[in-house]
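The values are calculated or read from the model by the stated rules, or taken from the named source; none is laboratory data. Keep in mind it's a predicted model, so treat the numbers as computed, not measured. With ideal geometry, Cβ positions are generated from the backbone for all residues, glycine too; neighbour counts draw on all protein chains shown. For accessibility, only protein heavy atoms count, side chains too; no ligands or nucleic acids. Shrake-Rupley method; radii C 1.70, N 1.55, O 1.52, S 1.80 Å.
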Amino acid sequence: MTSCKRAQEFLDAKSISVENRVIANKEKIDSKAAWELLQSASLIRTGKGKKTNVWDPSTDTKEDILKDVVGPSGNLRAPAWRVGTEFIVGFNP
């Protein structure tokens with residue numbers, strides 16, 4: 001089961017709705033565009049399996065953040081959410 005599907009099941013179980021949805025396999029966000037979105041975030045949380053990280057774009061390096069949020073395809077990993085001024089990339093319940 002993909003992380004996007006698990007994330008959607010988690011949101012559904014918590015009755016959380018998504019205001020704006022972009023389907024990642026139809027609208028790619030490359031690393032440059034990803035950084036444009038993420039650089040203004042107050043915090044970036046990432047999840048890969050059981051591993052989680054918290055990044056602060058004002059103090060952490062662009063390279064370190066992009067290594068964690070961009071997948072092997074060179075695009076922003078999915079699922080990715082913007083919640084207020086924070087971003088969540090990947091899924092870990």
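Answer yes if at least one residue in the stretch 26-36 is modelled with pLDDT under 90 and among the acidic types (Asp, Glu), and no otherwise. Yes.
Residues being over 14 Å from the mean Cα position of the chain (by Cα), open to solvent by 100 Å² or more (accessible area, probe 1.4 Å) and under 14 Å from residue 78 (Cα atoms) are represented in the stretch 18-25 by at least one member.
For the stretch 70-93, a residue qualifies if it is closer than 18 Å to residue 5 by Cα, surrounded by 13 or more Cβ atoms within 10 Å (Cβ to Cβ) and not charged (D, E, K, R), and the qualifying residues are 71, 76, 78, 79, 80, 81, 88, 89, 90, 91, 92.
So how many residues does the stretch 26-45 have that are open to solvent by less than 70 Å² (accessible area, probe 1.4 Å) and part of a loop (DSSP other than H, G, I, E, B)? Residues meeting the conditions: 3.
Here residue 50 does not fit the description of being open to solvent by 50 Å² or more (accessible area, probe 1.4 Å) and modelled with pLDDT of 95 or more. Within the stretch 53-74, the set of residues being at pLDDT 95 or above, within 19 Å of residue 30 (Cα to Cα) and of a type in the set (S, T, N, Q) comprises 61 only. Of all residues in the stretch 53-81, those that are of a type in the set (Phe, Trp, Tyr) and either free of Cβ contacts under 8 Å to residues at least 24 places away in the same chain or more than 25 Å from residue 18 (Cβ to Cβ) (or both) total 1.
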